[in-house]
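Undergrad: Quick one: this structure, given as structure tokens, is what I'll be asking you about.
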Amino acid sequence: MFRKHRLAFLDQMQSGDIALFPGAGHVTRNHDVEFPFRQNSDFAYLTNFHEPNAFLLLAKDLPDIPEETLFVLPKDPLKETWTGRRTGPEGAVEKFGMASAENLDVLEEKLKAAMASAGRMWFRLGAFPKTEALVVRFVDDLRMKIRMGIEPPQVFLDPGTALHEQRLFKSEEELTCMRKAASVSAEAHLLAMAQTKPGMKEYEIDALLSFTFRRHGGQGAGWSYPSIVAGGDHANILHYTQNDAVLNDGDLLLIDAGAELHGYAADITRTFPVNGTYTSAQKDVYEVVLSAMDASIQRCRAGVPFHDIHQAALRVLCEGLHQLKICKESPDEILEKETYRRWFMHNTSHWIGRDVHDAGRYMVNGESRPLEPGMCLTVEPGLYFPAADDTIPSAFRGIGIRIEDDIHITGGEAEVLTAATVKTVADVEEACASERLAPPTLDTELLTS
Ligand code: GLY
Ligand code: MN
Ligand code: MN
């Protein structure tokens, strides 16, 4: 599928163009310790190559310059003994199906030659300062050679614009990866529901999630973003990741967590009772959020503007805020005056794919873009009532609920990629009461080239 991704990008280039894509390097964590390596998402989408300090150079119809060249760290038995095996240029051609590959140490020479031949160059300004400095230096050098008939590219284009549009539409192979990420994440959430008991710590559940992601092949730390394991009032902190408090009897537990598998993310939120049974106030709020979610998913159809998904959730949430007597205003007033923002302050959806908040535009020609088959997005309404909010009935204080699924837009009804993670009150209570243990390794094997 990666060669297909490169060919699709080459299709968007004009004759005489080159495109340079830098991969990620190592990032220092402290002193001489590095964070686990994670490849740049654009680079991984084009190459499936997961070693640091690599570059991809594409060239369209330029004599003497291959259509695609992967520059990689050279083989070096001594260094490989310390830091791990390297594929090397020969391996890059053999194993990664690259038309050509070179040692990294000839990048500067080859890049400068390519820039001297190209009329236009695709390079993402602002994203890769070191490489950008090199590109700017070569532009300046090549300008000095104008008397010899040599000049740098006259036009620079942002590859993100074209590539991210490409990434927004998932192929069947990409959807297979997303379904696997969703199934591993479902397993983690169901296990968390079964294993959570009053008195446990948030980090015990965090560890259970990470354990599940990793043991089924989740990359890096296993997750696509740090897990949010938020007991009680912590659910009212949207990006809570401290995950170190005791889980109290009678409280809810909000878990927002998803695996990263084969380079693709899942993003799932469920909110369930620590002791396995919702109180009536918790259930009332939960049912409102779940209805908002159902209304949004109903709108997840080709042709519907992206923004309508949010509007569908808002309408139900505003009705709920009125019915629960959280807010005296009428549902219409709550919506028009945006009073709801106090208790629902984020958007309902974002694209999802290689990045949990995936690439792609939300607006086209100043308007919310219509959904199309192949797009994937989340639906994640919520209501957040902080313990300190004394303007609302006391029964609701300290309740924070979000429910989140990942959706694939098809030609008909939406596919809920995360449907295996139960979400009705009855199903969640049943999952909490189950004796579920970690299952044998799930079938997450995937062969891609
Ligand atoms: N987990 C991040 C989000 O829901 O957008
Ligand atoms: Mn999300
Ligand atoms: Mn989430």
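The values are calculated or read from the model by the stated rules, or taken from the named source; none is laboratory data. This is a predicted model, so every value here is computed, not measured. Note: ideal-geometry Cβ built from the backbone for every residue, glycine included; neighbour counts use all protein chains shown.
Undergrad: So, restricting to strands (runs of 3 or more DSSP E) that lie completely within the range 366-435, which ones have at least 3 residues that are within 17 Å of TYR340 (Cα to Cα)?
TA: Strands (runs of 3 or more DSSP E) meeting the threshold: 382-385, 399-402.
Undergrad: For the range 241-297, what are the residues that are among the hydroxyl-bearing types (Ser, Thr, Tyr), farther than 18 Å from MET193 by Cα and within 16 Å of ligand 3 (Cβ to nearest atom)?
TA: Once the filter is applied, which keeps residues that are among the hydroxyl-bearing types (Ser, Thr, Tyr), farther than 18 Å from MET193 by Cα and within 16 Å of ligand 3 (Cβ to nearest atom), the range 241-297 yields THR241, TYR264, SER296.
Undergrad: The conditions are (1) among the aliphatic types (A, V, I, L, M); (2) surrounded by 19 or more Cβ atoms within 10 Å (Cβ to Cβ); (3) part of a helix (DSSP H, G or I), and ILE255 fails exactly one of them. Which is it?
TA: So the condition that ILE255 fails would be (3).
Undergrad: So, in the range 185-195, how many residues would count as being over 14 Å from the mean Cα position of the chain (by Cα) and either crowded, with 24+ Cβ neighbours inside 10 Å or at positive phi (or both)?
TA: Residues in the range 185-195 being over 14 Å from the mean Cα position of the chain (by Cα) and either crowded, with 24+ Cβ neighbours inside 10 Å or at positive phi (or both): 4 in total.
Undergrad: Report, ordered by the first and then the second residue, all pairs with beta carbons closer than 6 Å, sequence separation of six or more or different chains, a first member in the range 1-20 that is touching a residue at least 40 places away in the same chain (Cβ under 8 Å) and in a strand (DSSP E or B), and a second member that is surrounded by 14 or more Cβ atoms within 10 Å (Cβ to Cβ) and among the aliphatic types (A, V, I, L, M).
TA: Taking only residues 6 or more apart or on different chains, the pairs are ILE18/ALA59; ILE18/ALA114; ILE18/ALA118; ILE18/MET121; ALA19/LEU58; LEU20/LEU57.
Undergrad: Do we find a residue being basic (Lys, Arg), surrounded by fewer than 19 Cβ atoms within 10 Å (Cβ to Cβ) and touching a helix residue (DSSP H, G or I) at 6+ places or on another chain (Cβ under 9 Å) anywhere in the range 330-337?
TA: No, the conditions are met nowhere in the range 330-337.
Undergrad: OK, next. Since ARG301 meets every condition but one in (1) closer than 29 Å to GLU336 by Cα; (2) within 16 Å of ligand 2 (Cβ to nearest atom), which condition does it not meet?
TA: Going through (1) closer than 29 Å to GLU336 by Cα; (2) within 16 Å of ligand 2 (Cβ to nearest atom) one by one, ARG301 breaks only (2).
Undergrad: Suppose we filter the range 328-351 for residues that are under 20 Å from ARG369 (Cα atoms) and free of Cβ contacts under 8 Å to residues at least 60 places away in the same chain; how many remain?
TA: Matching residues across the range 328-351 total 4.
Undergrad: Still on this structure, I have one more. Being modelled with pLDDT under 90 and under 25 Å from HIS5 (Cα atoms): is that true of ALA92 here?
TA: Spelling it out, ALA92 is indeed modelled with pLDDT under 90 and under 25 Å from HIS5 (Cα atoms).
Undergrad: Do any residues in the range 352-374 that are more than 16 Å from ligand 1 (Cβ to nearest atom) have Cβ atoms under 6 Å from those of residues that are among the β-branched types (Val, Ile, Thr), where the two are at least six apart or on different chains, and which pairs are they?
TA: Listed by first residue and then by second, the contacts come to LEU371/VAL304; LEU371/ILE409; PRO373/ILE409; PRO373/THR410.
Undergrad: How many residues are surrounded by 15 or more Cβ atoms within 10 Å (Cβ to Cβ) and within 12 Å of ALA59 (Cβ to Cβ) when one looks only at the range 10-32?
TA: 6
Undergrad: Restricting the search to the range 338-379, which residues are within 15 Å of ligand 3 (Cβ to nearest atom) and among the aromatic types (Phe, Trp, Tyr)?
TA: Of everything in the range 338-379, those that are within 15 Å of ligand 3 (Cβ to nearest atom) and among the aromatic types (Phe, Trp, Tyr) turn out to be PHE344, TRP351.
Undergrad: I've got another one for you. Hey, among the residues in the range 214-232 that are surrounded by 21 or more Cβ atoms within 10 Å (Cβ to Cβ) and within 14 Å of ligand 3 (Cβ to nearest atom), which one's nearest to ALA266 (Cα to Cα)?
TA: Looking at residues that are surrounded by 21 or more Cβ atoms within 10 Å (Cβ to Cβ) and within 14 Å of ligand 3 (Cβ to nearest atom), I get SER224.
Undergrad: Is there any pair with a first residue in the range 120-136 that is part of a strand (DSSP E or B) and a second that is not small (Gly, Ala, Ser) whose Cβ atoms are under 6 Å apart and which are 6 or more apart or on different chains, and what are they?
TA: Cβ pairs passing all conditions: ARG120/ASP17; ARG120/PRO153; ARG120/VAL155; MET121/ILE18; MET121/PRO153; MET121/PHE156; TRP122/LEU157; TRP122/PRO159.
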